[in-house]
Ligand code: FBP
């Protein structure tokens, strides 16, 4: 017998909350369609590429009527991309919703992400499987993967596999890229008149799949609470021992939402925001000088300790490094055959240095050797550098140390600098979902079942009004084409769902900016502590600062 923790046992009994329209596991709803929609930008180009799904109306569920039906449907689901807390609850909500429509409906899970859908690896869910995964973290119920589902050949295989099982609707749980592909697939299904619906669910701890209609991606809430707990613990250790500066890199491939939220929750002394660095066109030297300025000020107050938060994607937002990475991506793709034959890392660095432009040569040669090596490591399946493997925190520690030595020599700094580096990412991606994520995910899945039963295709499951209690949440669907714009990828303009970066004029950043000077020099830490699953609602059901500020 598999042993499970006491928390997991108790947590299995938690009944996630649903929007009032679905309360008491009801499916007594009617679908209401709004006005036709437009894409967020590049309307003409997007319309041309999605003749069947462009302009669909946003839809919402209202009380009254029923989706109960004698018709039996079979639905397939995949988890795509990086893990995010709550994925199992999306599947549980989807399963329960489908069974509420008709107890004979079936849900199939495709294994290992989009790859499972193409290679026809699947399992059928039943009560025992679903019950053992309710309110648990992780994606292990069916696994996930990063295979890109985008070519007509792959789409044809998906159609054949769905037909073999009798599946007439697919739910793709993923981030912006996976939902972009869900949109392409929905269009293809209509164009080929396959009768297979495609729906998406917004997933990613990075928090960058959000817009006016999708208020948050699931997993962000739990992940930032885990990181904030750890940062709070480290801050308290720093304030107790008073001897270390902690440089903490936080996950979030590109956007800095995670770092910003953790700063708001913990009042760390420094938090770099990549989007601000890009907007100000800051150089590496300026970033290091700004960190050193705070260290010097705190040293003057005899505080030779502190906490620095660094977003994972930072280096790609520093203009000179961004240009260097773009050049390296091209160079390594172009010279792959020769480059692959070079064995030692020193020789590879020399090879690269010999091929770079003057500006990039200058940027690259000034980096510590360990970072030079990391920048020319294996690319991800999209040909990009894998930022989560680059130890930016160590790079900053080294460069700040050098800067402080220079200041000490010049007589402008007399403190002690001893630093520890950390990277928090994987620690938060599979945590047991917070009440918010447990409820939100279950609602997203249940709502997706209602959309499937209503015959919708080309929609993302949307649950809104999230800063209010779950009973006030609104359920419906947003056309995937509505979130699209055209972007350059691999030298070609393609339609993609627009990624949400930190908005510098938005309330979360503005709130941080209004306080950061004080948090920098004073020791004003907040210690959020671990996620609470049982207890007072103001503790257990609190939403993130980001969501509360954005919706206030
Ligand atoms: P998704 O966008 O697929 O949700 O993944 C997010 C993420 O956790 C990033 O924060 C991180 O950069 C990346 O995945 C790490 O990828 P991997 O799991 O392949 O190491």
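Data overview
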quantity	calculated
Residue 248 vs. criteria touching a helix residue (DSSP H, G or I) at 6+ places or on another chain (Cβ under 8 Å) and either within 16 Å of the ligand (Cβ to nearest atom) or in a loop (DSSP other than H, G, I, E, B) (or both)	yes
Given (1) within 11 Å of the ligand (Cβ to nearest atom); (2) out of contact with any strand residue (DSSP E or B) (no Cβ under 8 Å at 6 or more places or on another chain); (3) assigned to a loop (DSSP other than H, G, I, E, B), number of the condition residue 223 does not satisfy	(3)
Residues of segment 150-197 satisfying the condition of being without any contact (Cβ under 8 Å) to a residue 40 or more places away in the chain and within 16 Å of the ligand (Cβ to nearest atom)	150
Residue in segment 385-392 that is loosely packed, with under 15 Cβ neighbours inside 10 Å, within 16 Å of the ligand (Cβ to nearest atom) and at pLDDT below 95 present	yes
Condition check for residue 79: in contact (Cβ under 8 Å) with a residue 40 or more places away in the chain, outside any loop (DSSP other than H, G, I, E, B) and surrounded by fewer than 17 Cβ atoms within 10 Å (Cβ to Cβ)	no
Helices (runs of 4 or more DSSP H) lying entirely in segment 88-198 (those with 3 or more residues that are buried (at least 21 other Cβ atoms within 10 Å of the Cβ) and within 25 Å of the chain's Cα centre (by Cα))	114-119, 176-191
Residues satisfying the stated conditions in segment 199-218, i.e. more than 17 Å from residue 254 (Cβ to Cβ) and not in a loop (DSSP other than H, G, I, E, B)	199, 200, 201, 218
Filter result for the condition that a residue is in contact with a helix residue (DSSP H, G or I) (Cβ under 8 Å, 6 or more places away or on another chain), touching a residue at least 40 places away in the same chain (Cβ under 8 Å) and under 23 Å from residue 247 (Cβ atoms), over 533, 527	527
2 or more residues under 21 Å from the mean Cα position of the chain (by Cα) and modelled with pLDDT of 95 or more: qualifying helices (runs of 4 or more DSSP H) within segment 449-552	507-521, 545-551
Sole residue being loosely packed, with under 15 Cβ neighbours inside 10 Å, closer than 30 Å to residue 487 by Cβ and free of Cβ contacts under 8 Å to residues at least 40 places away in the same chain, chosen from 65, 34	34
Flag for residue 46 being within 18 Å of residue 197 (Cα to Cα) and touching a residue at least 24 places away in the same chain (Cβ under 8 Å)	no
Helices (runs of 4 or more DSSP H) (entirely within segment 274-342) containing at least 3 residues that are within 22 Å of residue 419 (Cβ to Cβ)	284-300
Condition check for residue 316: closer than 22 Å to residue 395 by Cβ, surrounded by 12 or more Cβ atoms within 10 Å (Cβ to Cβ) and touching a residue at least 60 places away in the same chain (Cβ under 8 Å)	yes
Number of positions in segment 211-225 that are farther than 29 Å from residue 162 by Cβ and crowded, with 24+ Cβ neighbours inside 10 Å	7
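The values are calculated or read from the model by the stated rules, or taken from the named source; none is laboratory data. Just so it is clear, the model here is predicted, and its values are computed rather than measured. Here the Cβ is made from the backbone with ideal geometry for all residues, glycine too, and neighbour counts use every protein chain on show.
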